[in-house]
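Colleague: Questions regarding the structure given below will be posed in turn.
Bear in mind that the values in this text are calculations on the coordinates, not laboratory data. Since this is a predicted model, take the numbers as computed values, not measurements. Reconstructed Cβ throughout: ideal geometry from the backbone, glycine too, with neighbour counts over all protein chains shown.
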Amino acid sequence: MNIFIKFEDEIAAIMQSLEADKLVPSGIDSRRAVVELPRDETHGDLATNIAMVCAKPAGMKPRDLAEMVAKRLEALEQVAAVEIAGPGFINIHLHEGQWGLEVSNILDAGDTYGRSHIGAGRPVNVEFVSANPTGPLHAAHARGAIFGDALAHLLDFSGFDVTREYYINDAGAQVDVLAKSAFLRYRESLGETVGDIPAGLYPGEYLCEVGDILKDQYGDTLKSMDEAEWLPVVRGAAISLMMKGIKADLATLGVQMDIYTSEKTLVESGAVTTAIDDLSEKGLVYRGVLEPPKGQKDEDWEPREQLLFRSTDFGDDVDRPLQKSDGSWTYFAADVAYHLDKLTRTQSNNDAGEMVNVWGADHGGYIKRMKAATEALSGQKHTLDVKTCQLVSLLDNGKPVKMSKRAGTFITLSDVMDAVGPDVMRFIMLTRRNDQSLEFDYAKVTEKSRENPVFYVQYAHARACSVLRQPDLKPEIINGGSADLSVLKDVNELRLIKQLCTWPKLIEAAATSHEPHRIAFYLMDLAAAFHGLWNAGRDTPSLKFVQADNDALTSARLALVKATALVIRSGLSLLSIRAVEEM
């Protein structure tokens, strides 16, 4: 059992014993209390806020409760001393050698170390990327793709039943624009000179391939058709080719979706009508006239009656239109139907499962209305979590990277992967919170130095592997099955062990908060602790991993090296990044 969980259980038992002895009232919930590393390592080995959390329900001062808990903590076999700090925090000092014993727990768990069961098999749908199929994925899509995929891996590792989903926006005006743009390339493929691509259409050369395919399949027959005839044909061909390219780019990035859901198919199936009927039955749809948008003059506003959703009942700023003036459904109405479909698919024991949407920063204004619709559809049993990914600035030695000629107006995801590789791209995209902007400099992210975090972490794993494959080591020393791990006492060793032991708690915290970037941060800290121990051995020979005259100490230190490599490998695996053995 992990040492933090072990002491949380011990403290929970202590609170129960205080209750049994009638020293505190019954029914105190101590689950919010945590055991963690002290911020200052000189303050002890572990710290807990149990007295701060439980003092009020106990009707006591925090320090008074802390003294009662501390007295019983001191009676535990592993505990050397207990101190009360500040208003009531408890610092715990363990007997020397206790941390070393934790290494065996890590090695015994192997690849399952850190795996959690907090998800308890509950379904969670993670929808991410979902780029309009109007062109190749660009660099900004990469951040959402990497964030969503890492989150899905994290939730799966934490015991959730995860579905990775891509929503294809293949209905509406944008795909008609795509078709018209592709039709120009088709005419160009037939030998016509089309000149500059008109404003409002997609200028990228990637549509030339669509034009060639249409020419090979239809010859010049499409030219003689009216737009109403050729538009669906060209639209279908263009969307098919765009999605083929998108899926290929995602595969190269290491992203595999479980489901691709088509907006067009959803609309044609009558799902929008079903969703609006659902809201109507709940009294949440009405015909009304909206106020003019903020900042728009009354004379520029034409009031008209519309079918509206009462989204203000669920915290939105205004009620939202569901139908356009021509009677067709709004984009929002289609999204309502899509989320009802997802809710239906994530049902478990009559409770709605979790849904996470990963959107670009430009969708920020859309969040409130979608959360309102989801709460309405689920009877307020479900709250949609929307994660927005801020913009990525692509640089090369501090200078903006030039646009791709093939894409026309943006830099494609494949261009970036060609330049730096998927491992670098994935790690760097997670070195900032998703809601913070990110600078991605080609020169910096490919340099082999401590300043490059992905190199720093992969190098730590490669270093660990190099230690374990030294040719002169005896097999029984490398295996270290019966090593006395209590000999691991040096401050540098303890820092590394403590960092390793925080991995299970980190996993649960990151999964609960939907923050996969915490894994990247953790791996950088773990790599720093390992490199620190490595460098200490260079400066002080007695701290080297291999001690020629001390097999017992060597075996214990190699066990620590193996545990470090195991956790780094596990963390990189969650990010779909290779744990290289040589660099």
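Colleague: In nm, to one decimal, how far is the residue 268 label point from the residue 85 one, both placed 7 Å along Cα→Cβ?
Modeller: 6.5 nm
Colleague: So how do 501, 389, 208 line up by other beta-carbon neighbours within 10 Å, fewest first?
Modeller: Ascending Cβ contact count within 10 Å gives the list 208, 501, 389.
Colleague: Mind checking which lysines have their Cα closer than 21 Å to the Cα of residue 498? Skip sequence neighbours fewer than 8 apart in that chain.
Modeller: In chain and number order, the partners are 6, 489, 544, 562.
Colleague: If one computes the Cα centroid of region 251-313 and of region 540-583, what distance in Å separates the two points?
Modeller: 54 Å
Colleague: Let me ask something additional. How much length is gained if the chain between residue 132 and residue 196 is pulled fully straight, taking 0.36 nm per residue apart and subtracting their Cα-Cα distance, in nm to one decimal?
Modeller: 20.7 nm
Colleague: Separation of region 86-155 and region 41-72 by C-alpha centroid, Å?
Modeller: Region 86-155 and region 41-72 have Cα centres spaced 29 Å from each other.
Colleague: Please give the net charge around residue 505, taking every other residue with its beta carbon less than 10 angstrom from that of residue 505, where Lys and Arg add +1 and Asp and Glu add -1.
Modeller: After counting each charged neighbour, the total is -3.
Colleague: Would you pull out the residues with amide H under 5 Å of residue 138's amide H, same chain only if 5 or more places away, H placed 1.01 Å from N?
Modeller: Placed amide hydrogens put 413 under 5 Å from residue 138.
Colleague: Apply the Karplus parameterisation 6.51 cos²θ - 1.76 cosθ + 1.60, with θ equal to phi minus 60°, to every residue of region 3-20 and state each ³J(HN,Hα) to the nearest whole Hz, in sequence, with x for glycine and proline.
Modeller: Ordered by residue, 3J(HN,Hα) equals 4, 5, 5, 4, 6, 5, 5, 4, 5, 4, 5, 5, 5, 5, 5, 5, 5, 5 Hz.
Colleague: Further question: Using Cβ contacts closer than 10 Å as the measure, can you line up 355, 52 from fewest to most?
Modeller: Least crowded to most crowded, the residues run 52, 355.
Colleague: Relative to the first principal axis of the alpha-carbon coordinates of the chain, what is the inclination of helix 551-574, with its axis defined by its Cα atoms, in degrees from 0 to 90 and to the nearest 10?
Modeller: That works out to roughly 20 degrees.
Colleague: Got a sec to turn the phi values of region 170-176 into Karplus ³J(HN,Hα) couplings, 6.51 cos²θ - 1.76 cosθ + 1.60 with θ = phi - 60°, whole Hz, x for Gly and Pro?
Modeller: For region 170-176, the Karplus curve yields 9, 10, x, 5, 5, 7, 5 Hz.
Colleague: Report the label-to-label distance for residue 20 and residue 486 in nanometres (one decimal), using points 7 Å from each Cα along the Cα→Cβ vector.
Modeller: The two pseudo-label positions are separated by 2.8 nm.
Colleague: Also, quick follow-up: Under a point-charge model restricted to the Cβ atoms of Lys and Arg (+1) and Asp and Glu (-1), what is the dipole moment magnitude of the chain relative to its Cα centre, in debye to the nearest 20?
Modeller: That gives the chain a dipole magnitude of about 720 debye.
Colleague: Picking from 565, 30, 81, whose Cα lies most toward the positive end of the charge dipole for the chain (charges on Cβ: Lys, Arg +1; Asp, Glu -1)?
Modeller: Of the listed residues, the answer is 81.
Colleague: Does anyone have the angle between helix 208-218 and the longest principal axis of the chain? Alpha-carbon axes, 0 to 90°, nearest 10?
Modeller: Taking the Cα atoms of the chain, the angle to 208-218 is about 50 degrees.
Colleague: Run the reach check for residue 282 against lysines, Cα to Cα strictly under 20 Å, same-chain hits fewer than 8 apart removed. What comes back?
Modeller: Of all the lysines, those that pass the test against residue 282 - Cα under 20 Å, at least 8 places apart if same chain - are 342, 368, 371, 381.
Colleague: Below 8 Å between Cα atoms, with a sequence gap of 6+, how large is the relative contact order for the chain in percent?
Modeller: With pairs under 8 Å counted, the relative contact order is 16 percent.
Colleague: Can I ask one more? Rounded to whole Å, give me the distance from the Cα center of region 208-244 to that of region 508-533.
Modeller: After rounding, the separation between the Cα centres reads 49 Å.
Colleague: I'd like to know which of 98, 261, 577 lies farthest towards the positive end of the charge dipole of the chain, counting +1 on Cβ of Lys and Arg and -1 on Cβ of Asp and Glu.
Modeller: Checked the options; the winner is 98.
Colleague: Which percent, nearest 5, of DSSP beta bridges in the chain are antiparallel?
Modeller: Bridges in the chain are about 50 percent antiparallel.
Colleague: In whole Hz, what ³J(HN,Hα) sequence does region 92-106 give by Karplus (6.51, -1.76, 1.60; θ = phi - 60°), x for Gly and Pro?
Modeller: Computed from phi, the couplings for region 92-106 are 10, 9, 8, 5, 4, x, 5, 5, x, 5, 5, 4, 5, 4, 5 Hz.
Colleague: Give or take rounding to whole Å, what are the principal axis extents of the alpha carbon atoms in the chain, in descending order?
Modeller: The Cα atoms of the chain stretch 88, 62, 42 Å along their principal axes.
Colleague: For the chain, take the longest principal axis of its alpha carbons; what is the angle in degrees between that and the long axis of helix 517-539, to the nearest 10 within 0 to 90?
Modeller: Approximately 40 degrees, to the nearest ten.
Colleague: Taking 35 Å as R0, compute the FRET efficiency from the Cβ-Cβ separation of residue 286 and residue 247 and round it to 0.05.
Modeller: The calculated FRET efficiency here is 0.25.
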